[in-house]
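The values are calculated or read from the model by the stated rules, or taken from the named source; none is laboratory data. Quick caveat, the model's predicted, so the values are computed rather than measured. Glycine gets a Cβ as well: all are built from the backbone with ideal geometry, and neighbour counts include every protein chain shown.
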Amino acid sequence: MNICILGIGGVGGYIGGRLAQNAKQGSNQVSFIARGPHLQAVKNSGLTIKTDDEEFTAVPHRATDNPEEVGVVDLLVIGVKAYDLPGIMDHISRLAGVNTIILPLLNGISHVKELEKQFPSNLVVDACIYIASNIESPGIIRSRNRLCKIIMGKGEENLERLRPVQQVFCASQIDTELVADPLEAIWTKYLFISALACTTSLYGESIGRVLEDNTKKALFKGLVKEGVSVAQKVGISLPPDIVEQIVDRAQQAGYESKTSMQRDFEQGKKTELDALCGALVRQGAEVKTSIPLYEKVYAILKRWQD
């Protein structure tokens, strides 16, 4: 299988490193599309993956910033930040032939529709990933815990077509679950990271500090409830205790842990506010569901970002 990883940050880098390391044992080839010092480091010395249990350096088939050097692939894994997606559509068009499977591992609920609109002949997979990883320094990806799991699928009719992808990922030590309909898993993750990112960014405090304060915890829980109401309105089936599940999961996070969006706000970087908050506000309006807490938080954070 000819695979390309478009964006080798925390998510794409970890997945790409695992796939490239395993490709040495078989007939697959894995290429990276990246840029800047990170790309140069990979070209010079490979991509190093550090976890709590191991450290290894993977050498891709090709590492470049030019998709023309890679050409059309069988599987295109997209690992960029949500706000970078509009700017890489041309890259995708150069990597995706009519039979290319596109697997986006982005935060959000709207990117699959955007990709399907741009590439109607391609299979764009619904998927989410659970992972905690980041670029430690150019050429080095640090995974902060042992959890890495992908849940993906696109209807019963595509299960067999996606089976080889699942097999390649599992052989590369990437736990991958193939299901007919992953939308419940996607929305469950989205509701969790969206509400938590919004609350921690608004208050500028760690997850533990937010959850130990009754007022701040109430906002978090209120956002989750509003998100659930939108999900249900668009036809997503969620467990009756989904709000409690999400709150319990948040309480399992490290006391001093911060969300990525919160760190981006603190460091004055571009954030995923539109994907993690704005998209839900727009979806709520589209299905005529009132979500006043989200609207208020989004207005405040957008003002800060702009």
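Odds and ends about this structure:
- Some residue of the stretch 70-80 being charged (D, E, K, R) and surrounded by fewer than 16 Cβ atoms within 10 Å (Cβ to Cβ): no
- Pairs are defined by a Cβ separation below 9 Å, a sequence spacing of at least 6 or placement on different chains, a first member in the stretch 55-67 that is part of a loop (DSSP other than H, G, I, E, B), and a second member that is at pLDDT 95 or above and among the charged types (D, E, K, R); the pairs so defined are Asp65/Arg35; Asn66/Arg94.
- Count - residues of the stretch 170-212 that are assigned to a helix (DSSP H, G or I) and either under 18 Å from Lys296 (Cβ atoms) or of a type in the set (Ser, Thr, Tyr) (or both): 14
- Here Val287 clears all of (1) under 25 Å from Gly208 (Cα atoms); (2) modelled with pLDDT of 95 or more; (3) out of contact with any Asp or Glu (no Cβ under 8 Å at 6 or more places or on another chain) except the condition numbered (1).
- Qualifying residue in the stretch 264-279 (condition: more than 16 Å from the chain's Cα centre (by Cα) and under 21 Å from Val234 (Cα atoms)): yes
- Selection of the stretch 207-232 for residues being more than 16 Å from Asp248 (Cα to Cα) and either touching a residue at least 24 places away in the same chain (Cβ under 8 Å) or touching an Asp or Glu at 6+ places or on another chain (Cβ under 8 Å) (or both) yields Glu226, Gly227, Ser229, Val230, Ala231.
- Residue-level check: of (1) without any contact (Cβ under 8 Å) to a residue 40 or more places away in the chain; (2) more than 16 Å from the chain's Cα centre (by Cα), Arg146 misses just (1).
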